[in-house]
Every structure is written in C-alpha cells, then in structure tokens.
C-alpha cells in the first residue's frame, strides 16, 4: 500500500504584536533545498499512485473533451487598417498560430507567429503582447517559457519575415507603439514582480540602454501603458486597488514628457481615454459605482471636469469604449452585465437587451475608431461563445461565429436557473445553476459548487465545453456570486475585503447550505472548487465547515495568509495590503489570523482534498499549498484522500498547452467522480 509522505518538522517561531506562532513547515520556502524538492516530488509520486486506478476514467474524460472541440479552427478576423488579423489552431498542436491577410480577407495568409514552433522543447509557453506597429510593418510580441510571468519581447519585420536583433527581457503585460513605428513603450517588473517602471525602446538600440520614463516607488501601486483608440495619445496609468492617477503623451512625440491629468488622492481611482480633443474620465470619486467625466485635452485639471454620465447606485460603470460617432458603455446591474450605446450625434442612449435571463458577454476586439460596428462575444451557461457585430445605429446584431461544440450538443437539453441564498447577515447571494434536463431535485444529484470572491473580480455565467462531462453524468454546476466580487456593484466588493473578508467565506457556506436545503444535492454529493484567492476560499470553508463537503479542489490556494502578508520580500505582497490589509497593524493581523486556513488547521476530520501548486508561481508561492498539505497530513483524523499535485515546470496557471490543459481538467474531474463514486 502506498503511504503518504510526511514532511520533516523544523519548528520556527514567528513573533509579532506580542503573539508567537510556531510554524513547523516554514522551511518549505527553501526552493533550492534538495530536501524541499524531494518532498514535492514525493507528494507528486503519492498523488499519481493514489490516482492510478482512475487512469482509464481520466483518458475517457480527456477524449470526451477533445471530441467536443473543433481542433482545426480559426478566430473571427479583426480589422486593423486594411489588414485582417486572426489566430487558428491545427489538430494535434497545442498552441495558436497567429496570422494575417493583407488588404482583404481573400488575400493569401501570412503566418506571423507560430506558438507551436516557439514552444518546442519548452516546459511552458505563453504569448504576452502581440502589437503590430501603426504602419503594420513591425510586430512586437512577447513570450514566457517557464510560467513565471516575466516576458521577453521580440520584434519581427513583417515585410521581410526576418527577426530583428532587438530583444527586451523581464517585461510585463503591457506595451504600446508610438506613431513613429520605431518607438515602443513597455512596463518592467521589479524583484517583487510589481510593474514599477515604464521604459522606452527605440528599434536598433540596446535594450540595456532603454531610458526609464517613469518609476513608481509606492509599493501599493503598479504602472500600465495603453493607447487611445484614435491613436492620438499614449496613457500611463499608475494604479492600485484604492488609488490611481493618469499621465498622457502625444503619440506622435515619443520623446516628449508625459503630463499628469490629476494628482493621486487616497481612495480615488480614475482612468482616462480620448476622443476629438476631450478626455473621458471614469472615476469613483464620490461615486462608488463610478461616473464619467469629461475634460478638455488643453486643460484637463479637475476644475475643468464636467459630468457626462452621473453616478447610478443601481448600475456599476465598468468601462467605456470610444468610437468616432458612438460610445459603448459597459456596466453591471442586478448581478448581470449591461451594455449601452451612446450616440454622439443624437445624444441618445440605447440599452441593449440580451436574450436569456442568465448570461454573460465579453468585450470583443474593436481596434478601429471609425466604425459603427461593435464586436462582443455573447454566451451563457448553455449558449456557446457567439461572436456578434452590433450596428450602433440600427442596433442590429450580425452573427459572425459560434464556438463549435461537436458531438451533437443541444442547448435545449440543459436548464439554467438563478437562485438566491440568504447569508448570515441577511444578504441575498445569487447562485447561477446549470444542469441537464431530467435531473431530479431530490437531494441526490452530485453538485460542483465554484466561486472566487476577491479583488472585485466577477464570476460570470460562462459556457464551458469541458463542464459537459460533468453535466452529462448528472451533475448540477453551481456558480456562487459571493461578496468580494463586483457582481452587484462596488459595495459587493467592499463587503468582501479587508475587515469584511469573512463575508466571502460565510456567503459561500450559505450557498452550499441553500443548495442542500432546497434538495439540489446533499453534503455527501457536494464537491467544491476554487483557484488562487478562490483557493483561499476553499481552504477557509474547509477549515470552518469540513462536514459540509465531500470533495474539495483547491487550486494554487493562497492559504498561508498571515506569513505571506508579513513578508514584503515575496512578490506582490505589499500591493495586496489594499485587498487584505497590513498585518503590521494589529487589527488586521488579528483578523487575518482568525481566518487564515493554514493557521486554523487543527486536528479534525476533513473532506477529500486535491491541492495544486506551481513551482514557478509568482502569485501564490508553491510553499503555501505545500505547507498546508503537510500540516493537514500531520493533523487530520480521517482516512479521506489528501493529494498535492505540484507543477514542477509551470506557474500559476498550470499547463499551458491546450491538450495538456484538458488533461489537467480530466485529472481534477476524475478525482471528483471517483470520490463521489460516480462510474460510467
């Protein structure tokens, strides 16, 4: 019989605020310690051994998922100037091939970047930026080959097909061309993975000589670079979770100076873009759900700001997109996304109605300002991703493409619902449900409950082909829209952060209890899943209510909250103070300590657990899930499964190839099905 590995105990005392915590597994932070790597490999070997009997099931699930996708496929082309850009996939290949056609859709295809060729012999591969120059003769693109989320920018001459010698390592997610077609602004991370610098690169020069245009020393803030749709201005955003400021530069004058619109104010965030000599500024000042202001480019001081869209307590203003004659207003109301079109000629606003009561949409790629066509991707828990172009004058929808779902998928075979659970404080928490027609609500159906609930990130009721492997086995899939997201507006987020964080956990527990009380499932048929901050959620509710769940998948879980937030050398820690609080302040320390899963793990029975980690993860360090697994293994009083799976060559997002990712999902689904004793 395979025995679980036990991590050696090396006690370390950590003292703060007069309180001493004993951490037996602090030493697992020692990434270069052979004993640490041996422990992780031993846990991986144990996980593989304990899941060996599910190999046939894993392969069945994987083949099901592959059979539903159109392996050779292409995206809807997006027009930039006179050219059309798209990606396509080929059967058996893991990564996208980036292509374009010059002049018309009937032109010959040009392959610009083949991710499969670049990923050869790499343990991990992910594309970062993909930015053609304004004249579309030079392509800047970046790649990450270890999952550490630091990218190298490369340049390709699209006229000759040759790679330029310029390379820029250690960059982040953002870059923008100036209009001279030779100058690229890009962001750089510091040792803590914070985007702290904006630099400028001129083609043909050494990247080591690139000047620093801006450096942000406040560890709560990061920098980002963007460009207005009309290509007239480059914007430098300096932002955190609770504060921001904007700078702008004439895109035709890349060697000029950035001008600040308004100095930062604590608690105030604002974001700017441009149309016809006017800045449109979305801000939360005295407007929790945001409002839209305008200011002249010639004098954008706050004294000149004029209200354009007032604050609405019932509608969250998420973002805007400016076109020559129209403005798309992206928002949220009653827990669902909204879309409004403003016509600059008539001054009228039109709400766009969507066909289902529970739905989602994603903003499409709309690079051209001189158009009345707005692209978006509509979907729901039963409707596959469908790309439309909306005529912003007539409001007619033009179908462009729907994600192919092979295998005779019929949306009418499935049902969706939105129900509400009552939280501990009386708050009504939405839950989106999908299940196959004919599933009886008699308390015996298996259920997978998923949530995130942090950073104001919304859990959208999206379509997922992979999920059909559960639904077709009788599962109910439940998506809990708990506090900590912004599904119900900014106050929904505020009620799930800082000293209100426990609302996130108790909301989730209330959702689980409601599903059981309404006979959708029972605790012996209930599996739960969350990743990253959602993994913290999994840890917290598992420790708080281990009796409520049968199986838990905690993906790259942020579970060692106190130790991480006390260590400012760990990537991204300080910037997180505006989400979790600063534990150097005793009030926040005590509150974090009261819910941190690692600190609250005690000797008791726990559900079956699958925990994942990424050795190169800069967001949640691998040692957090590793430490929690070690402590659970030492203390738990049950015989339930406890598995740790560490991706030794990847980061926060597990495998990068599309087939490998499906295998990861099949592994997780097999764990759930095996625990719930659901066999084909």
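Among the residues in segment 436-450, are any farther than 18 Å from residue 516 by Cα, in contact (Cβ under 8 Å) with a residue 40 or more places away in the chain and either buried (at least 18 other Cβ atoms within 10 Å of the Cβ) or in contact with a strand residue (DSSP E or B) (Cβ under 8 Å, 6 or more places away or on another chain) (or both)?
no
Where in segment 497-569 are there helices (runs of 4 or more DSSP H), lying fully within it, with 1 or more residues that are farther than 25 Å from residue 420 by Cβ?
Working: elements: 502-517, 533-544, 561-566.
Fully inside segment 497-569 and qualifying: 533-544, 561-566.
With (1) part of a helix (DSSP H, G or I); (2) touching a residue at least 60 places away in the same chain (Cβ under 8 Å); (3) crowded, with 19+ Cβ neighbours inside 10 Å; (4) out of contact with any helix residue (DSSP H, G or I) (no Cβ under 8 Å at 6 or more places or on another chain) as the list, and residue 632 as the residue in question, which single condition is left unmet?
(2)
Would it be correct to say that residue 128 is crowded, with 17+ Cβ neighbours inside 10 Å, in a loop (DSSP other than H, G, I, E, B) and within 19 Å of the chain's Cα centre (by Cα)? Let's see the steps before the verdict.
Working: crowded, with 17+ Cβ neighbours inside 10 Å: yes; in a loop (DSSP other than H, G, I, E, B): no; within 19 Å of the chain's Cα centre (by Cα): yes.
No, not satisfied.
For residues in segment 451-467 being touching a residue at least 60 places away in the same chain (Cβ under 8 Å) and not in a loop (DSSP other than H, G, I, E, B), which is farthest from residue 671 (Cα to Cα)?
Checked segment 451-467; the qualifying residue farthest from residue 671 (Cα to Cα) is 465.
Would you please list the contacts, defined by Cβ atoms under 9 Å and residues six or more apart or on different chains, that run from a residue in segment 40-55 that is at pLDDT below 95 to a residue that is surrounded by 14 or more Cβ atoms within 10 Å (Cβ to Cβ)?
Once the first residue is at pLDDT below 95 and sits in segment 40-55, no partner that is surrounded by 14 or more Cβ atoms within 10 Å (Cβ to Cβ) comes close enough.
Yes or no, residue by residue, for (1) buried (at least 20 other Cβ atoms within 10 Å of the Cβ); (2) under 20 Å from the mean Cα position of the chain (by Cα):
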{"site": "593", "(1), (2)": "no, no"}
{"site": "597", "(1), (2)": "yes, no"}
{"site": "614", "(1), (2)": "yes, yes"}
{"site": "620", "(1), (2)": "yes, yes"}
{"site": "627", "(1), (2)": "yes, no"}
{"site": "639", "(1), (2)": "no, no"}
{"site": "657", "(1), (2)": "no, yes"}
{"site": "668", "(1), (2)": "yes, yes"}
{"site": "673", "(1), (2)": "yes, no"}
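How many residues, within segment 80-93, are crowded, with 17+ Cβ neighbours inside 10 Å and either in contact (Cβ under 8 Å) with a residue 24 or more places away in the chain or assigned to a strand (DSSP E or B) (or both)?
Taking segment 80-93 first, the residues crowded, with 17+ Cβ neighbours inside 10 Å are 83-87, 89, 93.
Restricting the remaining residues to those that are either in contact (Cβ under 8 Å) with a residue 24 or more places away in the chain or assigned to a strand (DSSP E or B) (or both) gives 83-87, 89.
Of the residues in that region, 6 qualify.
Among the residues of segment 58-79, write down those that are surrounded by 17 or more Cβ atoms within 10 Å (Cβ to Cβ) and assigned to a loop (DSSP other than H, G, I, E, B).
69, 75, 77
Name the residues in segment 496-530 that are touching a helix residue (DSSP H, G or I) at 6+ places or on another chain (Cβ under 9 Å) and surrounded by fewer than 20 Cβ atoms within 10 Å (Cβ to Cβ), would you?
498, 499, 500, 502, 513, 516, 522, 523
Can you say whether residue 296 is surrounded by fewer than 16 Cβ atoms within 10 Å (Cβ to Cβ), touching a helix residue (DSSP H, G or I) at 6+ places or on another chain (Cβ under 9 Å) and either farther than 21 Å from residue 578 by Cβ or in contact (Cβ under 8 Å) with a residue 24 or more places away in the chain (or both), as far as the supplied structure shows? Outline the logic, then answer.
Working: surrounded by fewer than 16 Cβ atoms within 10 Å (Cβ to Cβ): yes; touching a helix residue (DSSP H, G or I) at 6+ places or on another chain (Cβ under 9 Å): yes; either farther than 21 Å from residue 578 by Cβ or in contact (Cβ under 8 Å) with a residue 24 or more places away in the chain (or both): yes.
The answer is yes for residue 296.
Tally up the residues in segment 389-410 that are surrounded by 15 or more Cβ atoms within 10 Å (Cβ to Cβ) and out of contact with any strand residue (DSSP E or B) (no Cβ under 8 Å at 6 or more places or on another chain), please.
2
Check segment 589-605 and report whether any residue there is within 20 Å of residue 651 (Cβ to Cβ) and modelled with pLDDT of 95 or more. Can you show your working first?
First pass over segment 589-605, keeping only residues within 20 Å of residue 651 (Cβ to Cβ): none.
Checked against the condition, which is being within 20 Å of residue 651 (Cβ to Cβ) and modelled with pLDDT of 95 or more, segment 589-605 yields no hits at all.
Can you confirm whether residue 152 is under 22 Å from residue 188 (Cβ atoms) and in contact with a strand residue (DSSP E or B) (Cβ under 9 Å, 6 or more places away or on another chain)?
Numbers: under 22 Å from residue 188 (Cβ atoms): yes; in contact with a strand residue (DSSP E or B) (Cβ under 9 Å, 6 or more places away or on another chain): yes.
Judged against the criteria, residue 152 is a match.
Taking the condition part of a loop (DSSP other than H, G, I, E, B) and either surrounded by fewer than 21 Cβ atoms within 10 Å (Cβ to Cβ) or at pLDDT below 95 (or both), does residue 280 pass? Give the steps one after another, and end with the answer.
Values: part of a loop (DSSP other than H, G, I, E, B): no; either surrounded by fewer than 21 Cβ atoms within 10 Å (Cβ to Cβ) or at pLDDT below 95 (or both): yes.
It is false that residue 280 is part of a loop (DSSP other than H, G, I, E, B) and either surrounded by fewer than 21 Cβ atoms within 10 Å (Cβ to Cβ) or at pLDDT below 95 (or both).
Checking residue 402 against (1) in contact (Cβ under 8 Å) with a residue 60 or more places away in the chain; (2) under 29 Å from residue 481 (Cβ atoms), which test does it fail?
Condition (1) is where residue 402 drops out.
Would you confirm whether any residue within segment 266-276 is in a strand (DSSP E or B) and surrounded by fewer than 18 Cβ atoms within 10 Å (Cβ to Cβ)?
Taking segment 266-276 and keeping what is in a strand (DSSP E or B), we get 270-275.
This time we only want the ones that are surrounded by fewer than 18 Cβ atoms within 10 Å (Cβ to Cβ), so: none.
The answer is no; no qualifying residue exists.
Against the definition (outside the structural domain of residue 562 (by TED's automatic domain parsing), in contact (Cβ under 8 Å) with a residue 40 or more places away in the chain and assigned to a loop (DSSP other than H, G, I, E, B)), how does residue 107 come out, yes or no?
Details: outside the structural domain of residue 562 (by TED's automatic domain parsing): yes; in contact (Cβ under 8 Å) with a residue 40 or more places away in the chain: no; assigned to a loop (DSSP other than H, G, I, E, B): yes.
The answer is no for residue 107.
Residues in segment 354-363 that are surrounded by 20 or more Cβ atoms within 10 Å (Cβ to Cβ) and farther than 22 Å from residue 437 by Cβ: how many?
Looking only at that region, the number is 1.
Within segment 202-223, track down each residue that is assigned to a strand (DSSP E or B), in contact (Cβ under 8 Å) with a residue 40 or more places away in the chain and over 15 Å from residue 236 (Cβ atoms).
Across segment 202-223, there are no qualifying residues.
The values are calculated or read from the model by the stated rules, or taken from the named source; none is laboratory data. No experiment lies behind these values; they were computed from the predicted model shown. In this analysis, Cβ positions are derived from the backbone assuming ideal geometry, glycine residues included, and neighbour counts consider all displayed protein chains.
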